[in-house]
Amino acid sequence: MQVLTKRHHTETVDIQITGTKDKKEDVLRDIKKHGYVDTSDSIPWRELFPEFQDEPEYSVMLRGARDKAGLTQVELSEKTGIPQGHISQMENGKMEIGKEQAKRLANVLNVNYRIFL
């Protein structure tokens, strides 16, 4: 009998390491083996793109994914069955993206649907 298992969300932690410079690369390489990522040279995307500061994240993600796929709103509408007006409202943060719509958009745009939720 198969048992359904629920995958628990992993809590993110920040780690600060102090040590000698000559061992830094060795330590970073070892930490990466455990799934950690060096983000010391990263900044939040909203700092990099202040023009999107007031827009909901899902709208920025949808617009970016559509642009990357090289589709117009009309083309995306035809491929997903979602009215073009709704896509426009989603991209402008005036309409939230539901789970079913997110899955249809993600399927066409070849991304994970969770980025729209």
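Structure notes:
- Partners for Lys23 among aspartates and glutamates (Cα-Cα distance below 20 Å; same-chain residues under 8 apart left out): Asp14, Asp38, Asp41
- Candidate aspartates and glutamates - alpha carbon under 18 Å from Lys94, same-chain residues fewer than 8 apart omitted: Glu51, Asp54, Glu55, Glu57
- Net +/- balance of residues flanking Ala69 in space, Cβ distance below 10 Å, scoring K and R +1, D and E -1: +1
- Where only C-alpha atoms are counted, convex hull volume of the stretch 46-116 per residue in Å³: 82
- Helix 99-109 axis, angle to the chain major axis (alpha carbon atoms, nearest 10°): 80
- On Cα atoms only, tilt of 57-69 relative to the major axis of the chain in degrees: 80
Every number here is computed from the coordinates shown, using simple stated rules; none is lab data. These numbers come from a predicted model, not from an experiment. With ideal geometry, Cβ positions are generated from the backbone for all residues, glycine too; neighbour counts draw on all protein chains shown.
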